[in-house]
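Everything on this sheet refers to the single structure shown next.
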Amino acid sequence: MRGRGSMHDAGEYIDEESQEVDGGASADDSGLSARSGRARKPQWTAGQGAGLSAENPTVTAASLHVLRCLADYIRLSHVLGDANHLVFMAICTMFESALLFTFRTFGNQGALESHVGAGGEQLTPRLRGTITRLRTQSRAGAVFAQPSPGPTGGAVGGAENAAYTSSGNLYGLKERCVAAESLGAVAEELKRARSTMESQLGAQNGRAVEHFFSRTVDVVEDLREHMYKTVARLLLSIDWMEEEIGDSEKLGATKKYDRREVGMQHSKWVDRLLGEFRQFGMKLKCAEVPVSVTQLLWEYSTEACAEKMVEGLARVRKCTAEGRACMTLDLQVIVSALKGHQQQLGGGREPPNMRIVDTYIKAFYVPEGELLHWAQTHQEYTLAQIISLVNQIAGANNWARRTRADLIAQIE
C-alpha cells in the first residue's frame, strides 16, 4: 500500500477482514473487551513489515473500525474539493482521541505532574507535550470525561478497568500489548497515507499536516515505550533494593561494604533479586506476549534494576577497596544470570543497562584530581549519588575534611 491508494487499499482490506479479526478484543471504543475485562488471545507473530503489512498484525476490532473510517474520510475528500481540510480535521480528532484514551487507560498519569513518575517512568518531552495538549483540548471540547487515576498509574473507568489493570491480571500486560501494537498499526497506515493527504490538502495546509504527524502520529512510539516501561516496573518487584543494598539502620544492617576481605560469596540481596527476575520471566510466559515485546520488557526491567542498584550503592556510607570488589562480584553474578535469560530469547549479550552500575562502581578508583571532571561528564547520575561517591572515596582514602568539602562545593 503506497501513496494515494494506501488508505483506500487499507479500507478494502478492512472490509474483507474485519469480520474475521481475532487480533485481541471486542469492538468497543477502547479496543478491549470491557465485558470480560481482558482481550481475546491475539495471534502473536512478529512480521517483517509495519502496520497492516506485518504478518498477522496485532489489531483490535476497534482499531480496524478507526481505519475503515479513516479510509472513508480520505475517499470523501476526493469530492469535497476546497472543504477537504474539514476531513483532515476529523482524521486528526479521531486519532488523537484514540491516543489520549490509550494513555489514560495504560499510562502513568502521575508522571505528568513531575519529570519522573512514581515508579521512575519518564515521559519524553514530546509525549508530555502531546498528552498535555490533548487533555486541554478534550476538557475544552468535553470529548472525554476525566477518569480518576488508578493504583497502577493508569485510569480507572469502572470495575472492569480496575480488574484488567490489577496485579492479578499482570497489570493488564496482555491488554497493554494489544493496545500499544494496535495503535501503532493505525499510526503506520496513517504514515503510508501521508503523501495522499499532502497532495489533496495542498501547500496551504502543509504546516497542519506536518504538525499532526510530528506532534501526534510520531508520538505513538514514545507512548508505546512508556506503556511497556510502566508495566515492566510494575511486574518486577524491586522497591526493596535500595535499603537492602545500602547501609540501613531501619533493617539493622550497616557497614555492608566496609570490609577487610573480599570473600567468594555474593551478597544475600543478589539471590533475592535473581528470584524476582525468575518470577518476572514466568509472568511474561503466562501472558504469551510476542518475542519482540518480551525482549523490550526484559530491557526495561534491567534498566529499572540498574537504577535501583546505583541508588542502593549510593546509600552505602563507608566502603573500602575490598568492599568495592564485593560490589563488582555482586554485579558479575547478576549480569551472568541476565545473560542466561537473554540466551533463552535468542540473544545472550551482556545487558547494556548494567554498564551504568559498573561505571559507578569503578568510579571509586578515579584519582582525586580527575573526580571533578568525572562528575561533570557523567550526567546520568544524580547530584546526591555523586556526592555519596565522593564521600565513599574520601572515607576510604582518609581525605582531609577541607579537601572533601572543597570538591563537593565545586561539584554542586
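The values are calculated or read from the model by the stated rules, or taken from the named source; none is laboratory data. Keep in mind that this is a model prediction, so the values were computed, not measured. Every residue, glycine among them, receives a Cβ derived from its backbone with ideal geometry; neighbour counts consider all protein chains shown. Keep in mind that these areas ignore ligands, DNA and RNA; they rest on the heavy atoms of the full protein, side chains included. Shrake-Rupley method; radii C 1.70, N 1.55, O 1.52, S 1.80 Å.
Going by the conditions given, is residue 68 over 16 Å from residue 206 (Cα atoms), in a helix (DSSP H, G or I), without any contact (Cβ under 8 Å) to a residue 60 or more places away in the chain and of a type in the set (D, E, K, R)?
yes
Identify all residues within the range 309-344 that are under 24 Å from residue 227 (Cα atoms) and in contact with an Asp or Glu (Cβ under 6 Å, 6 or more places away or on another chain); write none if there are none.
311
Only residues that are within 15 Å of residue 274 (Cα to Cα) and hydroxyl-bearing (Ser, Thr, Tyr): list them for the range 292-313, please.
The answer is 301, 302.
Which condition does residue 167 not pass, out of (1) under 22 Å from residue 90 (Cα atoms); (2) surrounded by fewer than 17 Cβ atoms within 10 Å (Cβ to Cβ), if it passes all the others?
So the condition that residue 167 fails would be (1).
Scan the range 170-211 residue by residue and report those that are of a type in the set (Lys, Arg) and either open to solvent by less than 10 Å² (accessible area, probe 1.4 Å) or within 16 Å of the chain's Cα centre (by Cα) (or both).
174, 176
Determine which member of the set 306, 363 is without any contact (Cβ under 8 Å) to a residue 60 or more places away in the chain, over 25 Å from residue 403 (Cα atoms) and among the small types (Gly, Ala, Ser).
On inspection, the qualifying residue turns out to be 306.
Among 372, 407, 383, which is the only one that is under 33 Å from the mean Cα position of the chain (by Cα) and surrounded by 13 or more Cβ atoms within 10 Å (Cβ to Cβ)?
Within the list 372, 407, 383, the selection yields 372.
One residue is enough: does the range 247-265 have a residue meeting the conditions open to solvent by 70 Å² or more (accessible area, probe 1.4 Å), among the polar types (S, T, N, Q) and free of Cβ contacts under 8 Å to residues at least 40 places away in the same chain?
Taking every residue of the range 247-265 in turn, at least one turns out to be open to solvent by 70 Å² or more (accessible area, probe 1.4 Å), among the polar types (S, T, N, Q) and free of Cβ contacts under 8 Å to residues at least 40 places away in the same chain.
If residue 394 meets every condition in (1) over 24 Å from the mean Cα position of the chain (by Cα); (2) modelled with pLDDT under 90; (3) of a type in the set (A, V, I, L, M, F, W, C) apart from one, which number is that one?
Answer for residue 394: the failing condition is (2).
Sort through 362, 308 and tell me the only one that's open to solvent by 20 Å² or more (accessible area, probe 1.4 Å), assigned to a helix (DSSP H, G or I) and more than 19 Å from residue 244 (Cα to Cα).
Within the list 362, 308, the selection yields 362.
Hey, residue 297 hits all of (1) open to solvent by less than 50 Å² (accessible area, probe 1.4 Å); (2) closer than 16 Å to residue 170 by Cβ; (3) over 20 Å from the mean Cα position of the chain (by Cα) but one; which does it fall short on?
(3)
Which pairs do you get when a residue that is under 12 Å from residue 236 (Cβ atoms), found in the range 165-177, comes within reach of a residue that is hydroxyl-bearing (Ser, Thr, Tyr) and surrounded by fewer than 24 Cβ atoms within 10 Å (Cβ to Cβ), reach meaning Cβ atoms under 6 angstrom, with the pair 6+ apart or on two chains?
Pairs found: 171/152.
Tally the residues that are assigned to a helix (DSSP H, G or I) and either free of Cβ contacts under 8 Å to residues at least 24 places away in the same chain or buried (at least 21 other Cβ atoms within 10 Å of the Cβ) (or both), restricting the search to the range 312-325.
Summing the residues that are assigned to a helix (DSSP H, G or I) and either free of Cβ contacts under 8 Å to residues at least 24 places away in the same chain or buried (at least 21 other Cβ atoms within 10 Å of the Cβ) (or both) in the range 312-325 gives 5.
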